[in-house]
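The values are calculated or read from the model by the stated rules, or taken from the named source; none is laboratory data. Since the model is a prediction, treat every value here as computed from it, not as a measurement. As a convention, Cβ positions derive from the backbone with ideal geometry for all residues, glycine included, and neighbour counts pool all protein chains shown. Surface accessibility is based on the protein's heavy atoms, side chains included, excluding ligands, DNA and RNA. Shrake-Rupley method; radii C 1.70, N 1.55, O 1.52, S 1.80 Å.
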Amino acid sequence: MESSEAIRPEKMGPLVMKETWNTPGSIESWERSENIYIVRGERGGVVFVFLNDEMFRMKVFRSSVPDLTTSAAVLAESCVPHLFPVEETEDALIFTTSAIRLILEKTSFLLRVENMEGKVIMQQNLTSWNPRGASHAEYDMQPDSHFYGLGEKSSFLDKRGERYTNWNTDVFAPHLPEIEALYESIPLIIHMHGDLTYGLFLDNTGRSDFDMRSHGVAFTIGCSTGAYDIYFINGPEMKDVVTRYTSLTGRIALPPKWAIGYHQSRYSYMNQQEVLQLARTFREKRIPCDVIYLDIHYMDEYRVFTFDPVNFPEPEKMISELKELGVRIVPIVDPGVKKDPNYEVYKQGVLEKHFCRRLEGDIFFGEVWPGISAFPDFSDSRTAEWWGDLHKYYTGLGIDGIWNDMNEPAVFNESKTMDLDVMHFNNGHPITHEEYHNLYGMMMSKATYEGLAEHMGGERPFVLTRAGYAGIQRYAAVWTGDNRSFWEHMAMAIPMVLNMGLSGLAFSGPDIGGFAHHTSAQLLVRWTQMGVFFPYCRNHSSIGTLRQEPWSFGEEVEGILREFIGLRYRWMPHIYNLFHEAETCGLPVIRPLILECPRDPYVTNLCDQFLLGENVLIAPVYRPDTEHRSVYLPEGCWLDYWDGEVHEGGRHILADAPLNIMPMYVKAGSFVAEGPLKQYALEETEETVVFHLYGAEAREGFSAAFTLYEDDGHSFGYRRGQYSQIDVQAAGEAGTLRISWSYAVREFTPRREMLRFALCYPSFFTQSVEGLSEISLEQLKEGRRGWARNGKSGAVIIQVDDDPEGGELRMEVAEQQPEHFRTL
Ligand code: GLC
């Protein structure tokens, strides 16, 4: 006998239902409550919160006014509502700040943001939602619109014509331009049109979509669950947007210097002898290295917070031997905790209710490396603290950096992640995994960072993560996951990391050499040349692939890699300075040219070259058997780093690039701060700093300025004021050049007696330096005061006492240099 089951609706064929999308209708009323504005329409409304003159938040509501809690992305202190005047006309509500006017049309809820000259910065046309909880809005796009941001996405720099999804996903398949979602989700788009730029940040931790492809004159931003909670971030310049966005979601914490050294990894270094041998080889070969990673094989059957008793029987001994060599280890810690009643972490997690569960109370289990595993619920502060505290296992062994992987979370099942109906306790406000998903990885890294900091006695921790959400920069560096040893992936890493930088993630980078597939000598050389200028610099490769340690391809390759890795160490003061800038202003360490030259039409989608800071242009070679490449130099005068050749910018040049050279240019009239070549960042050598001034001119109007930030490089002392800041200036006059310096802050005293200035490729010949005698380079290296010529070239190196009071130098100079030569 059949039951009613026979007529289940799905047995009756496909059900065609037309989706209805609701809009708020026209405005019926508005009110001010506390410092927020609530505007009600026929079917819903919008809450407006002004954070300051340049940023406001709007949250759509369907029936009742939403609560205004934010996700963990947003810093509470940046989200304080401010009052601004509102004017009501017959047709519109008009909110005015000192920078923008927000005009909300009464009949349609159409929203326009104008600047004070009446130019339309942004227009949001249609906000709608469907009965299943998805929301979406449409924004005007101009013929000259360009889009940036969105964190870690494949394809080129300008996202016009692309469509992306934000849903943290473990993608081992080759990262292709058509892949819409990778490991990180930063729902921030930066829209530039004409001389206006603004950002929109959708604070939604579920699935969201940004479509700059399908709607002709509009682009859309939508989400499938949760609230439509969006922030408008004003420009007018892209730098303003980045600075403001990072004031909202936070900036990187200045990493310890060792974390910005060169890192070596492989899946996996299999035992402690191999790890020690690796460290010794770096030292014997004089290739600088700060960190060796321990991938999953260091653990006892992939149980986190353990070491394998056979292959890593004496971790403490290994770590202290490594420390003597100046090498740290960073072990991997995944969220999956092996289901094993004899395993303390699992036992505690179950007994103390730390694992993610379904509403009915059963733990969610999924398969990852250790087999069936449970996943901590980092949304619960109690669990986050427990997890953080577990890290004393590592800190007790002398470890101060952790690598968080598989934290999308990745699960070996069809959906590749946790079931969507799993609940996150969320400190008493439970939400489904569907709504929480993109936050999972970030909350793991937050717990890890805070746990490490707690147990490291005032030292700065380092966390590396694969998954993250907006704000992840506060806790972790980000690497771009499982790329491949493809030239295309090397090239794609540039726009990816540049857009990550524009999205607040100033500390990021790809696996140098490529993770999966097999690298080659040339690819490793070219990728390393580029990678040493990326903020995060790690060579990592997968199990079963060709080895790619720097010495894997013979002496020529090894020599080139030694030089370039060495260059990163010599440039460490400069790079560290840029990290400090990222911590204080949110600007990225490496930048697309469009950030520095927003009116240059040639750079809107230029992403096979980039800037380190403002003034150093890096043009990697990203094709095999290629010894030349076209380089675009923006306006200004640029010096070839390698031979000093002067190029007038605003045009393309053809650069020579034999295998041992990566084209690099320094803008004339800028400083680069170099330090000694160390084998590891915190090696205790003298901290000589050399201020290299490129292309100095002895003429009226020439000037250059630079500020170098310094601190101990490892503790949080700098947050209590223990740092120094030295301002350096150069000014030309006919026949002379003056260099002056002074300490704006000197609460930290670097380990050095002397300061050096190097004039690289000056346009003159130095005859004398007032008050100093000419000495030989050898005498200079021995630490004597004076000035020396570098061989036949016009390059001059001046050494003076590092006087806390600062000082001034005056150079008498003569005719133009006929040629340029490399400096020290
Ligand atoms: C993931 C990571 C990769 C790591 C591997 C083994 O694929 O992305 O970096 O080596 O897992 O832990």
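Give the residue from Pro335, Ala73, Gly669 lying farthest towards the positive end of the charge dipole for the chain; charges sit on Cβ (+1 for Lys and Arg, -1 for Asp and Glu) and the dipole is referred to the Cα centre. Ranked along the dipole, the leading option is Pro335.
Compute the acute angle (0 to 90°) between the alpha-carbon long axis of helix 572-585 and the principal axis of greatest extent of the alpha-carbon atoms of the chain; round to the nearest 10°. Approximately 40 degrees, to the nearest 10. Between the C-alpha center of the stretch 315-387 and that of the stretch 72-89 there is a gap of 39 Å.
Heavy-atom accessible surface of Tyr302, to the nearest 10 Å², is about 70 Å², with a 1.4 Å probe and all protein chains retained. Convex hull volume of the Cα atoms of the stretch 590-656, normalised per residue: 84 Å³. Among the trypsin sites (Lys or Arg not before Pro) in the stretch 200-299, those located in a DSSP loop and surrounded by at most 11 other Cβ atoms within 10 Å of their own Cβ are Arg286.
Converting phi to 3J(HN,Hα) with the Karplus coefficients 6.51, -1.76 and 1.60 and the offset θ = phi - 60°, the stretch 679-685 yields 8, 7, 4, 9, 4, 7, 10 Hz in sequence order, with x at every glycine or proline. Stretching the chain fully between Glu360 and Ala734 yields a gain of 126.4 nm (0.36 nm per residue, less the alpha carbon separation). Look at the dipole of the chain built from charges on Cβ: of Ala521, Phe219, Leu759, the Cα furthest out on the positive end belongs to Ala521. In the chain, the longest principal axis of the Cα atoms and the axis of helix 272-284 are about 40 degrees apart. Accessible surface of Trp479, taken over heavy atoms with a 1.4 Å probe and every protein chain present, rounds to 0 Å². Each residue, Thr685 and His517, gets one label point 7 Å from its Cα in the Cβ direction; the gap between the two is 3.7 nm. Computed across the stretch 27-245, the Kirkwood radius stands at 17.8 Å (inverse of mean 1/r, all Cα pairs).
For the stretch 590-656, the carbon plus sulfur part of the accessible surface works out to 47%, probe radius 1.4 Å.
A straight chain from Glu454 to Thr89 at 0.36 nm per residue would run longer than the Cα-Cα distance by 125.9 nm.
Extension gain for Glu700-Ser715 works out to 1.1 nm (0.36 nm per residue, less the C-alpha to C-alpha distance). Charged side chains reduced to their Cβ positions (Lys and Arg at +1, Asp and Glu at -1) give the stretch 235-322 a dipole of some 480 debye around its Cα centre. Against the chain, whose longest principal axis is taken from its Cα atoms, helix 521-531 shows a tilt of about 80°. Note on the chain: Cα Rg divided by 2.2 N^0.38 Å, N the number of residues, gives 1.00.
Taking Lys and Arg as +1 and Asp and Glu as -1, the other residues whose beta-carbon sits under 14 Å from that of Leu202 total -3. Phi-derived couplings, Karplus 6.51 cos²θ - 1.76 cosθ + 1.60 at θ = phi - 60°, listed residue by residue for the stretch 136-150: 6, 9, 10, 10, 5, 10, 9, x, 9, 6, 9, 10, 9, x, 6 Hz, with x used for Gly and Pro.
Over all Cα atoms in the stretch 686-815, the spread is summed up by Rg and Dmax: 15.2, 49 Å. When only the Cβ of Lys, Arg, Asp and Glu is charged (+1, +1, -1, -1), the dipole of the stretch 425-552 relative to its Cα centre reaches about 300 debye. This model, with +1 at the C-beta of Lys and Arg and -1 at the C-beta of Asp and Glu, gives the stretch 686-815 a dipole about its Cα centre of some 240 debye.
Shown is the FRET efficiency for Asn22 and Asn605, computed with R0 = 30 Å from the Cβ-Cβ distance and rounded to the nearest 0.05: 0.20. In this structure, His628 and Asn35 have a Cβ-Cβ separation that, at R0 = 56 Å, corresponds to a calculated FRET efficiency of about 0.40. The residues of the stretch 590-656 expose, per residue, 41 Å² of accessible area to a 1.4 Å probe. For the set Lys119, Lys159, solvent exposure ranked by accessible area (probe 1.4 Å, protein chains only) runs largest to smallest as Lys119, Lys159. Of the residues Ala279, Met318, His297, the one whose Cα sits farthest toward the positive end of the charge dipole of the stretch 272-325, with +1 on the Cβ of Lys and Arg and -1 on the Cβ of Asp and Glu, is Ala279.
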